[in-house]
1. Select, from E223, E273, the only residue that is at pLDDT 95 or above, exposed (fewer than 12 other Cβ atoms within 10 Å of the Cβ) and within 13 Å of the ligand (Cβ to nearest atom).
2. Among the residues of segment 196-211, which ones are in contact with a helix residue (DSSP H, G or I) (Cβ under 8 Å, 6 or more places away or on another chain) and of a type outside the set (S, T, N, Q)?
3. May I ask you to verify whether D243 is more than 26 Å from L119 (Cβ to Cβ), within 16 Å of the ligand (Cβ to nearest atom) and not aliphatic (A, V, I, L, M)?
4. Can you tell which of L108, L135, L53 is at pLDDT 95 or above and part of a helix (DSSP H, G or I)?
5. Got a sec? Which of D37, D21 is loosely packed, with under 13 Cβ neighbours inside 10 Å and not β-branched (V, I, T)?
6. Scan segment 280-296 for residues that are without any contact (Cβ under 8 Å) to a residue 40 or more places away in the chain and either touching a helix residue (DSSP H, G or I) at 6+ places or on another chain (Cβ under 8 Å) or part of a loop (DSSP other than H, G, I, E, B) (or both) and jot them down.
7. Taking only segment 46-80 into account, find how many residues are free of Cβ contacts under 8 Å to residues at least 40 places away in the same chain and more than 19 Å from the chain's Cα centre (by Cα).
8. Between a first residue in segment 141-155 that is under 18 Å from L189 (Cα atoms) and a second residue that is of a type outside the set (S, T, N, Q) and within 10 Å of the ligand (Cβ to nearest atom), which pairs have beta carbons less than 6 Å apart while being 6 or more apart in sequence or on different chains?
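The values are calculated or read from the model by the stated rules, or taken from the named source; none is laboratory data. Remember, predicted model here, so these are calculated numbers, not experimental data. A quick note on method: Cβ atoms are made from the backbone with ideal geometry, for glycine too, and the neighbour counts reach across all protein chains shown.
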Amino acid sequence: MYTQAMDTGPKEERQPLRSADDAALEQRFEDRIEGGDFIEAKDWMPEHYRRTLVRQISQHAHSEIVGMLPEGNWVTRAPTLKRKAILLAKVQDEAGHGLYLYAAAETLGTSRDQMVDALHSGRAKYSSIFNYPTLSWADIGVIGWLVDGAAIMNQVPLTRCSYAPYARAMVRICREESFHQRQGYDALLTMMEQGTEGQRAMVQDAVDRWWWPSLMMFGPPDEESPNTAQSMRWGIKRISNDDLRQKFVDAAVAQAQVLGVTLPDPLLRWNAERGHHDFGAIDWAEFWRVVGGHGPCNKERLAARVKAWDDGTWVREAALAHARKQATKERAA
Ligand code: FAQ
């Protein structure tokens, strides 16, 4: 089940009696944030800020790791050696992103084991998008174009997140994500420009299935997003869910035209007054169903992660035994 948030304590910030020292520390923290300063791991921070970061960063890390599964499914069936090599590199990059992010979250005092346990026991969330199946090779291109495209839109502002270790991890991740997006778009362009009628239909079918879930990646509408206001005050999130979603839609329209695919939304049209595209209603009931554990692949994804963790026990044990042996040797030398 995937119904619970990261178990990092009660949602409401408890209000213990604050000493004058605490109040001064908090004021100084707020002033630093207000002044655009970045917070480092050893700096004082309010407990709620710490918990919010652990929640977001660990969920982000889990998303990268679970996100390897839908694409990993196609590594053995990539159509050419070149596409296989690119896909392998991409999936490995996602593993690396997960590791940077777990490391960033660990600087906040939560261990990797605790985070992994929260994922495996269903207490932690991961992105809704990875609970959808990859039915054809075109899905791999569309994941690069739309899913990585949405991820970049959301993650570039995180390179300016007020928590410096997260911001630093995001700089590297965003560089790699931009390669991911371009490889997906390139694979689709090849199919659309050089492919058969059947391949073009396959691309359109994949776009039809992934478009709306990609819009959901940005999270609930601002007025229904419990975390946005505070996260923006703290400079964790720099742009709201709805504003990022709108930027993504605006960018995708032109890219779809170049590709020659139709975005599956009859209400999608340019609004000159707003200077943005209007778009149809998102099925938020579907989003919450998927987040609540009832998407097409939730059970399969979690089972795959738990199995990978269990199968890797001997590797972790061997690495620890090796490290102990090395330490003993060094002490003896
Ligand atoms: N799926 O109040 P908000 C990728 C939850 S990485 C599931 O708006 P917040 C790379 C949210 O956690 C993709 N749950 O929350 C890749 C909260 O629940 P909680 C992941 C979602 O945190 C590509 C509740 O709803 N990216 O794609 C989702 O302020 C290809 C209320 O929401 C990140 O994690 C969702 N889509 O804003 C890998 C980026 N949306 O925790 C492989 C960093 C919301 O209170 C292949 N994260 N929820 O119980 C963020 O920017 C934010 O956390 C948001 C959500 C924007 C995702």
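1. E223
2. Taking segment 196-211 and keeping what is in contact with a helix residue (DSSP H, G or I) (Cβ under 8 Å, 6 or more places away or on another chain), we get 199-200, 202-203, 205-207, 209-211.
Selection gives R200, M202, V203, D205, A206, V207, R209, W210, W211.
3. Details: more than 26 Å from L119 (Cβ to Cβ): yes; within 16 Å of the ligand (Cβ to nearest atom): yes; not aliphatic (A, V, I, L, M): yes.
Taking the combined requirement at face value, the residue satisfies it.
4. L53 is the lone residue from the list that is at pLDDT 95 or above and part of a helix (DSSP H, G or I).
5. D21
6. Answer for segment 280-296, where residues must be without any contact (Cβ under 8 Å) to a residue 40 or more places away in the chain and either touching a helix residue (DSSP H, G or I) at 6+ places or on another chain (Cβ under 8 Å) or part of a loop (DSSP other than H, G, I, E, B) (or both): G280, A281.
7. 5
8. Cβ pairs passing all conditions: G141/G184; G144/H180; G144/G184; W145/G184; V147/I129; D148/E177; D148/H180.
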